[in-house]
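As structure tokens, the structure follows; a few thoughts come after it.
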Amino acid sequence: MNVTSKIALSFTAGFGVLLAGPTHAATSQKEARVTQIVHDVKLTSQSTARPAVVNDKVAEDTGVRTGGDSRSELTFADMTITRLGANTIFSFSNGGRTAKVDGGAILLRVPKDSGGANIKTNAVTVAVTGTTVIFEKARGTKSKLITLEGSARMALVAKPGDFRTVRAGQMLDVPAGATTLGMPVNINLNDVMNNHPLITDFPPLPSKPLIMAAAQQQPPPPSSSGPNIPIVPIINILGGFTGGTTVGPQRNPTRPPRNPPGTTNGTNNGPTRPPTPTSSRSPGQTKTPPPVTNVQKFPKAKPTPTPPRIN
């Protein structure tokens, strides 16, 4: 083989290596890695299923199924994180950018400026752009979206143009068979962070500082007995700090309570009457009538003259 042929062969082999490198890197970007397993987690592919182990690679054609009281976490190359709750059936495509949930609960954390992601079910879709959300779907019943930080948009599959924006600290419930979406409601983010198993059973999220900042900006929860009245600490009339209490009309603790008109000792018994004085006379004694005063005197009428008698 002459020198020219050797140079051409070396160039061809090197060019082939350059092509193979990016192809392998592009493939790895579409895979997820299992980073946590709690109890029963299986990887399914077509008709086969096997138990998952930590550091397993999950490709786009592989589904993930969790059993009762089981959870798992998948981490993608760009630090997109998907956590699966109990009894969840999950698969993904587009390098984790499209998550399909047939049932169960997932937490999806998408980094900022990463292109966003979508959650799809047979009834609703959720568009996520650089945020952290929890999505729950019970089979044959309602769907629920909770936004922990940032914002997300939820729409019905039948009406993709009729969507609702769910912001940090809000939740949107969609009942089964819904033909229109309701309005998001405010929730307590601190309660979610302290109690939801997709938070408490895993290490802290990279977006935890953003979630806690959103929790600090939330208004106080509304009073259960009326409108949202500011909650401030007050002092109990018996002394001591009672904690947060709704603001209302306060009474001077040094004055006895006054019954409202028409009440007696707190019971509505009709108009109040002055007490009847008790009699001091002994039995059998004749009651002396009180003296009469201010009696009006009228002039006595003159007698009418008698007509003379005629014989």
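The numbers here are math on the coordinates, done by the rules we state, and not lab data. Model, not experiment: these values are computed from the prediction. Glycine gets a Cβ as well: all are built from the backbone with ideal geometry, and neighbour counts include every protein chain shown.
Which of the peptides 188-197, 148-157, 205-214 is most tightly packed, and how do the rest follow, going by the mean number of other Cβ atoms within 10 Å of each residue? All intermediate terms of the calculation are to be shown ahead of the outcome.
Numbers: 188-197: 15.0, 148-157: 20.3, 205-214: 16.8.
By packing density, highest mean first, the sequence is 148-157, 205-214, 188-197.
Using a Cα-Cα cut-off of under 19 Å, which aspartates and glutamates could be cross-linked to Lys144, ignoring same-chain neighbours fewer than 8 residues away?
Asp102, Glu136, Asp162, Asp173, Asp191
Using a simple charge model, +1 on the beta-carbon of Lys and Arg, -1 on the beta-carbon of Asp and Glu, nothing else, what dipole does region 27-216 show about its Cα centre, in debye to the nearest 20? Show your work: numbers first, answer last.
Details: 22 positive and 16 negative charges, 59 e Å.
Magnitude of the dipole: close to 280 debye.
Of Lys57/Lys159; Lys159/Lys208; Lys120/Lys208; Lys42/Lys112; Lys30/Lys159, which pairs sit farther than 28 Å apart, going by alpha carbon to alpha carbon?
On the way: Lys57/Lys159 36 Å; Lys159/Lys208 33 Å; Lys120/Lys208 25 Å; Lys42/Lys112 30 Å; Lys30/Lys159 30 Å.
Pairs exceeding the cut-off: Lys57/Lys159; Lys159/Lys208; Lys42/Lys112; Lys30/Lys159.
Please compute the modelled spin-label separation between Ala49 and Thr129, points set 7 Å along Cα→Cβ, answer in nm with one decimal.
3.8
Provide the gained length on full extension for the span Ala59 to Ala178, in nm with one decimal, where the gain is 0.36 nm per separating residue minus the Cα-Cα distance.
Details: separation 119, 0.36 × 119 = 42.84 nm, distance 3.36 nm.
Full-extension gain reported as 39.5 nm.
In square nanometres, what is the average projected area of the Cα convex hull of region 27-216? Don't jump to the answer; show the numbers that get you there.
Details: hull surface 41.0 nm².
Result: 10.3 nm².
Taking R0 as 25 Å, what's the FRET efficiency between Arg33 and Val157 from their Cβ-Cβ distance, rounded to 0.05?
Working: r = 30 Å, r/R0 = 1.22.
In this case the efficiency is close to 0.25.
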